[in-house]
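Heads up: the structure comes next, in structure tokens.
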Amino acid sequence: MGQDVRSPRGPRCIALVGPFQSGKTTLLEAIMARTGAIHRAGSVDAGTSVGDSSPEARHHKMGVGLTAATTSFMGDSYTFIDCPGSIEFAHDMRAALPAVDAAIVVCEADEKKLPQLQIILRELEEMGIPRFLFLNKIDKANKRIRETLATLQPASRVPLVLRQIPIWNGELIEGFVDLALERAFVYREHKSSEVIALDGGNLDREKEARFSMLEKLADHDDVLMEQLLEDIQPPRDAVFDDLARELREGLICPVLLGAATRENGVLRLMKALRHEAPGVAETAKRLGATSSGKDALGYVFKTLHQPHGGKLSLVRLLSGHLDDGATLQSSSGEAGRVSGILAVNGGHDSKRPAAEAGETVALGKLDAIKTGDTVSSGKTAPASLAHVEPTAPVLAMSLAANDRKDDVKLGQALLRLNEEDPSLSMIHNTQTHDIVLWGQGEMHLRVALERLKDRFGVNVKSQAPAIGYQETIRKSITQRGRHKKQSGGHGQFGDVVLEIKPMPRGSGFEFHEKVVGGAVPRNYIGAVEEGVVDGLARGPLGFPVIDLQVTLTDGSYHSVDSSDLAFRTAARIGMSEALPQCQPVLLEPIHMVEIVCPTEATAKINAILSARRGQILGFDTREGWTGWDCVRATMPEAEIGDLIVELRSASAGAGGFTRQFDRMAEVTGRAADQIIAAHRVAA
């Protein structure tokens, strides 16, 4: 039969994950209340919850960052990491997952949220995180549990194994039967469930559901399979051992029921965690961590900048003992001295002298150490245990400080925001001199602006980022550029003849010289090229000019009045006079876009692409993802701006895309006139 799987002891770290508004924070409140960590459960709507405690989360009534809170149950310590459900804030979840022993996936019987559930389960599967499914809001269920399980199963690559079945009273669920314990319980609001006799129809349903559970376990246990075939009842301890082993090996995903708002099902969930979830030793092994005696080894899963407390690094200690004041070496080659160890409990952290293996703590003032680093109190820097890359950003806004004297302050605030959330990125636009802030969606960027203002005291103005329009020419021309100025003493004299030709798309810019007889001395040719480049910075349509060749063929100079500046100016004048005669044409950037979406949304996505001047190249099923498609198209950069908002709306919040520059393409007619006119107004 299954091997003996002992319940780990010591501090555990558990992630609470799940689709948007599935009830993760409410479940955390219920756990904290039922285990005595708080007197009574708070409410997200009332702004009294332990989780979602930041001003931004309170304002929007949704998770916009993770919350860590610690409690104890039956003598063991548990830190729960409540992760945001919105796909826009998913990096917090992804960065924290390597540190956890197991995850509770909170979901409900809502088919519309299936794609979101699939995304989260896929992340857990890829990382090898043991996971329980907590089917929340069971008090509002209007489907039989088998139907619900059949609906949810496509989201998981491994079998969803029902651990409980509901006890129905008419159309209402009044309790549950634990299939492993073979006991029936009736819910009592905000109290422990009451054991009742298991008889009648409930007993018949229990036998059938238990046999189904055992069948799934027997797929990975030959002894259990033989017992089922011979109609021998397996020992209860052996069943629990199998449940624990197969959970930890990622072979099954157990499903438990409950209603977080009523605190129903919470204690049974805690008992399942206690007996079946792995401990820190197994987590360290999963990550490939090697311990050297008493040296502390930890993983940094979140960075926070507090308005008055400075920088905090949230760390899961995987092995060893850590004292306040210890020096830590990191996998990124940086080092830092711990200045304060805090126990994490929502927004109410308390100081402590040391931390032990398994504990999740906040470490103060590790200024050089960042999210994703592995840290050690040993003499040498540890190898990195996990590497979580942020997903490609999908929405941008151009930022500038309202007051120019705040430019430096804005730069520092953005660096801190990026430290806290690496899925935000900043690019300096050299043409407009604006900072372009990239993020994962509309709410993600909105929250970033709120944090800039409220936490860092920087007021900014924002607008859509400038599109990378350029222009080119269709006609060749030869043009003289002449600069002559006399103002007492030495004057300025430069004279050049430039031959300007269009080049194929994507060729860029080439400069040549074919001067004979020293008409332009060699020491001035570099200045001529600089002047030509100056003239290309803003063409007659108002945009940078590309894909042309300029050749210096002739000119003249003055032995006293010629200079680098004079020849540079002459070349710039020549270009500005020539380009309007070269039949300038507007170019817009075209990107290759790849969209992933649930299959039922594909038709809507195709319509969105067509409406945005997209050219659909084809679509196929998404490799390795049941019920998903991948659509490929080319699309003008100007049309991609807020594409993600429409995509998410059409795909129940689950769709996403990546983009890559493909080429520059001509824009003519009315569309070009409108772009040029709008640019002139903005300039």
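None of the figures in this text is laboratory data; all of them are computed from the coordinates on show. Everything quoted here is computed from the prediction, not taken from an experiment. So basically every Cβ, Gly included, is an ideal-geometry build from the backbone, and we count neighbours across all protein chains shown.
So here's what we get for this one:
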| quantity | calculated |
| --- | --- |
| Total formal charge among the other residues, if their Cβ is under 11 angstrom from that of E88, Lys/Arg +1 and Asp/Glu -1 | -1 |
| Spatially proximal aspartates and glutamates relative to K351 (Cα-Cα < 16 Å; intrachain offsets below 8 disregarded) | D323, D324, E359 |
| Between 0 and 90°, nearest 10: helix 236-248 axis offset from the chain longest Cα axis | 0 |
| Distance from segment 42-85 to segment 514-541 (C-alpha centre basis), Å | 64 |
| For segment 97-158 and segment 379-404, distance of Cα centres in Å | 29 |
| Separation of alpha-carbon centers, segment 431-473 and segment 651-683, rounded to whole Å | 17 |
| Rounded to the nearest 20 debye, dipole of segment 314-389 from Cβ charges on Lys, Arg, Asp, Glu | 120 |
| Placed amide H near E513: partners under 5 Å, 5+ positions off or other chain | L552 |
| Using a Förster distance of 56 Å, the FRET efficiency for R404-E282 (Cβ separation, nearest 0.05) | 0.55 |
| Per-residue ³J(HN,Hα) for segment 317-333, Karplus 6.51 cos²θ - 1.76 cosθ + 1.60, θ = phi - 60°, Hz, x for Gly and Pro | 7, 8, 6, x, 10, 10, 9, 4, x, 5, 8, 10, 9, 10, 5, 8, x |
| Rounded FRET efficiency, nearest 0.05, which uses the C-beta distance separating D673 from K294 and R0 of 56 Å | 0.15 |
| Cα-centre dipole for segment 12-284 with unit charges at Cβ (Lys and Arg positive, Asp and Glu negative), debye to 20 | 900 |
| Nitroxide proxy distance, nm - points 7 Å out along Cα→Cβ at D564 and N142 | 7.8 |
| Residue-by-residue Karplus 3J(HN,Hα) for segment 164-179, coefficients 6.51, -1.76, 1.60, Hz, glycine and proline x | 9, 10, x, 9, 9, 10, x, 9, 10, 9, 10, x, 8, 10, 7, 6 |
| Residues whose placed amide H lies under 5 Å from that of Q21, excluding near-sequence neighbours | G85 |
| Net lengthening on full extension, E189/A611 (0.36 nm per residue, minus Cα-Cα) | 146.7 nm |
| Packing-based ranking, highest mean first, of 22-32, 327-337, 567-577 given that Cβ atoms within 10 Å are counted | 22-32, 567-577, 327-337 |
| Theoretical FRET efficiency, 1/(1+(r/R0)^6), r = Cβ-Cβ of E594 and R482, R0 56 Å, to 0.05 | 0.60 |
| Candidate aspartates and glutamates - alpha carbon under 14 Å from K113, same-chain residues fewer than 8 apart omitted | E600 |
| Ordering of 297-309, 258-270, 408-420, 659-671 by packing [mean C-beta count within 10 Å, highest first] | 258-270, 297-309, 408-420, 659-671 |
| Extension gain from D620 to I427, taking 0.36 nm per residue of separation minus the Cα-Cα distance | 66.2 nm |
| HN-Hα J in Hz across segment 575-582 - Karplus 6.51, -1.76, 1.60, θ = phi - 60°, x for Gly and Pro | 5, 5, 7, 7, 4, x, 8, 9 |
| Fewest-first ranking of D139, D237, using other Cβ atoms within 10 Å as the exposure measure | D237, D139 |
| Radius 12 Å from Cβ of D454, net charge of other residues (Lys, Arg +1; Asp, Glu -1) | +2 |
| Environment charge at V338 (Cβ cut-off 11 Å; Lys +1, Arg +1, Asp -1, Glu -1) | 0 |
| Added length on full extension, which subtracts the Cα-Cα distance from 0.36 nm per residue, E513 to Q660 | 49.4 nm |
| Likely footprinting exposure, F176, F657, fewest C-beta neighbours within 10 Å first | F657, F176 |
| In degrees, nearest ten, helix 200-218 long axis to first principal axis of the chain (Cα) | 60 |
| Across K285/K370; K405/K453; K405/K461; K140/K271; K302/K370; K24/K370, pairs whose alpha-carbon gap is larger than 19 Å | K285/K370; K140/K271; K24/K370 |
| Segments 225-235, 522-532, 98-108 sorted - mean Cβ within 10 Å per residue, highest first | 98-108, 522-532, 225-235 |
| Ranked list, fewest to most other Cβ atoms within 10 Å of each Cβ, for S651, S77, S562 | S77, S651, S562 |
| Nearest 10 degrees, 0 to 90: helix 24-34 Cα axis against the chain principal axis | 40 |
